[in-house]
């Protein structure tokens, strides 16, 4: 089954404790993104990657890091989480840019205390 | 001004009603227009997309784009309780390859 998986689905942590949210897709897509979704603000892009070892900032990259060492994986790293990073996070992948469907993962609900 | 504005609702309608969901956008560079549907505790899924002004129909759903007024609409005919979800408009540009999502409108269809 073609899918994007994320882990963990739910995470409660404390300020400053480094964490990683994993994302994996099995569709051989080149383009992957991370979004956060907040009430009243919609989905905002954090980082994206157009291919292995190619990553770039989205609209809200502060406080986040990403890496793309393999085509299928695109982990999101919070080196020192803060309460304002409490949010619902989605990973997405697409075959390419320019009007192609983005496939979203199931989401990771993160709470930073 | 946000690039994409969408009334967040919530919108509550009786089963069988016609629903109109709307977005406005400010960037004339947007070339394609998508609607995603997001059920509670799930990721968004593509519902419809169009590349031009005019209407595109798919079953009970019609996507309408008016580029001259920068207005996007999604119509749902004969709405069903299973249509209860959040609907996100998402225009994009082939130049940047980027989608800009609206805030999403939460729809509840009551039996």
**OP:** Residue by residue through the stretch B:59-76, note down the ones that are surrounded by 14 or more Cβ atoms within 10 Å (Cβ to Cβ) and outside any strand (DSSP E or B).
**Re:** B:60, B:67, B:70
Subject >> Of the criteria (1) in contact (Cβ under 8 Å) with a residue 12 or more places away in the chain; (2) surrounded by 14 or more Cβ atoms within 10 Å (Cβ to Cβ); (3) assigned to a strand (DSSP E or B), which one residue B:56 fails >> reply: (1)
Original post:
Does residue B:59 fit the bill of being more than 13 Å from chain A (Cβ to nearest Cβ), out of contact with any strand residue (DSSP E or B) (no Cβ under 9 Å at 6 or more places or on another chain) and closer than 23 Å to residue B:84 by Cβ?
Top reply: yes
**OP:** Taking the residues in the stretch B:77-91 that are in a loop (DSSP other than H, G, I, E, B) and in contact (Cβ under 8 Å) with a residue 60 or more places away in the chain as candidates, determine which candidate is farthest from the other protein chains (Cβ to nearest Cβ).
**Re:** B:78
Subject >> Test: residue in the stretch A:82-101 that is at pLDDT 95 or above and in contact with a helix residue (DSSP H, G or I) (Cβ under 7 Å, 6 or more places away or on another chain) >> reply: no
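Okay, residues lined up against (1) modelled with pLDDT of 95 or more; (2) over 12 Å from the mean Cα position of the chain (by Cα); (3) over 13 Å from residue A:76 (Cα atoms); (4) surrounded by fewer than 18 Cβ atoms within 10 Å (Cβ to Cβ):
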{"site": "A:2", "(1), (2), (3), (4)": "no, yes, yes, yes"}
{"site": "A:7", "(1), (2), (3), (4)": "yes, no, no, yes"}
{"site": "A:14", "(1), (2), (3), (4)": "yes, yes, yes, yes"}
{"site": "A:24", "(1), (2), (3), (4)": "yes, no, no, no"}
{"site": "A:30", "(1), (2), (3), (4)": "no, yes, yes, yes"}
{"site": "A:36", "(1), (2), (3), (4)": "yes, no, no, no"}
Original post:
If you scan the stretch B:31-47, which residues turn out to be more than 12 Å from the chain's Cα centre (by Cα) and outside any loop (DSSP other than H, G, I, E, B)?
Top reply: B:32
Original post:
Could you list, in sequence order, the residues of the stretch A:59-99 that are more than 15 Å from the chain's Cα centre (by Cα), without any contact (Cβ under 8 Å) to a residue 40 or more places away in the chain and surrounded by 15 or more Cβ atoms within 10 Å (Cβ to Cβ)?
Top reply: A:98, A:99
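The values are calculated or read from the model by the stated rules, or taken from the named source; none is laboratory data. Given the structure is predicted, the values throughout are model-derived calculations rather than measurements. A quick note on method: Cβ atoms are made from the backbone with ideal geometry, for glycine too, and the neighbour counts reach across all protein chains shown.
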